[in-house]
1. For an R0 of 45 angstrom, estimate the FRET efficiency from the Cβ-Cβ distance between Glu237 and Asp168 and round to the nearest 0.05.
2. Consider just the alpha-carbon atoms of segment 216-276 and return their Rg together with their Dmax, both in angstrom.
3. Give me the distance between the Cα centres of segment 141-191 and segment 63-129, rounded to whole Å.
4. Keeping every protein chain present and rolling a 1.4 Å probe, give me the accessible area per residue for segment 94-134 in Å².
5. Which cross-chain or sequence-distant (5 or more) residues have an amide H under 5 Å from the amide H of Arg125, H modelled 1.01 Å from N in plane?
6. Report in % the part of the accessible area of segment 81-121 that belongs to carbon and sulfur, leaving out ligands and nucleic acids; probe 1.4 Å.
7. Whole-Hz ³J(HN,Hα) for each residue in segment 126-135, computed from phi via Karplus 6.51 cos²θ - 1.76 cosθ + 1.60 with θ = phi - 60°, x for glycine and proline: what do you get?
8. Between Lys369 and Glu321, what is the label-to-label distance in nm when each label sits 7 Å out along the Cα-to-Cβ direction?
Amino acid sequence: MIDELDSAFDERDEGRGRRRRGTRRRKSGRGKTAAAFLVVVVLLGGLAGGAWYGFDRISGYLSTPDYPGGGSGEIVVEVMSGQTIAEIGNTLVTAGVVKSSKAFVEAAEANSRSQNIQPGHYKVRKEMNAASALSLLLDLTNKISNKVTIPEGRTAKQIYKLLAEATDIPAEEFEEAAKDPLKLKVPDWWFTRNDGKEVTMSSEGFLFPDTYDLDPDVTAPEILQMMVNRFLSVTGEMDFADKVQAERGGISPYEALIVASLAQAEAGNAQDLGKVARVAYNRVYSGTFPCSCLQFDVSVNYYWELTGKPTKASKDMTTAELQDPKNPYNVHTKAGLPPTPINNPGKLALEGALNPPAGKWLFFVAVDKQGNSEFAETNAEHERNIQKARENGVL
């Protein structure tokens, strides 16, 4: 019995011993877990710090670089024709105006007027925020330009003088640039004549009268080419060349341009432009006027201006001067049209030469100081109109 009890106590003691050893192992496991937890916390903390540092750096890259203020100083930039918003932004970045093209594009996307930016030179500031730079480009008061208005009927020499005054480019530079109209992009077919006369190449007639907005650094050839382009655009919209060839009895567009310039010089008001053109056509092409000559004094004056001589009023011209055989623009005794246009006609004069009213008029004379003319088919009618002009103090 005692032996059995001893055996039972021994077994219990051994179980306790196993439990105690097992308890020690569990204590050791908790220590390792705590250490591992500390390591994980440290690692996570490091990762979190690195992630924050990385996010901070990336967010810097993702934000759009832009200057904070309205800039300072003044600088001139040029917006080229056809540039996209991004290309304008690149121009501004290169000039040191905005910090990034992206900032300018974003400012433009937020402004519905951004598509209204016009080509030209603008005064802006250095280191501006993009929205402020955009505002300056949309405000035309910041655009640098010279506006010059060329009235209808001015000769090329008169135009060179007007342009010289507006740009400080010497008139001689314009005269030199105009020597070859083909270099100014006048198509060569414009210089075709069907009247049998030799062609004289000239820029006269192709420098369209209008108001032009000139950039500060524009050159003489560029200005003249701008005027030629305007002429081609206007006559193209009118279908001038095609309609002349189809409707004016076989005369060439160049001859019609010469007639338009004559009407521009002779008509005292817009209402008479077409009638004067009709007189020119009747005298030269109808065969009903004895010499088929114009007998317009204005072409004589044109040649005098062209050669540097003073011009005169018709009443002061002598018969010898009007009939000078050495003057190629003498249309008093020489049949047909003069060698070139004698000025640069406007759209109304071109329309008058293109669609003159029907009539058999061969004569006209200004009869009052308002520039109104009377037209006649016979010399007797014309003499009565001349008397009317004298009574009104015009002649």
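The values are calculated or read from the model by the stated rules, or taken from the named source; none is laboratory data. This is a predicted model, so every value here is computed, not measured. Using ideal geometry, Cβ is built from the backbone for each residue, glycine included, and neighbour counts are taken over all protein chains shown. What goes into the accessible areas is simple: the full protein's heavy atoms, side chains included, and nothing from ligands, DNA or RNA. Shrake-Rupley method; radii C 1.70, N 1.55, O 1.52, S 1.80 Å.
1. Given R0 = 45 Å and the Cβ-Cβ separation, E is 0.85.
2. 14.5, 46
3. 32 Å
4. 49 Å²
5. Close amide H contacts, sequence-distant or interchain: Ile75.
6. That share works out to 47 percent.
7. Running phi through 6.51 cos²θ - 1.76 cosθ + 1.60 with θ = phi - 60° gives 6, 6, 9, 6, 4, 5, 5, 4, 4, 4 Hz.
8. 2.4 nm
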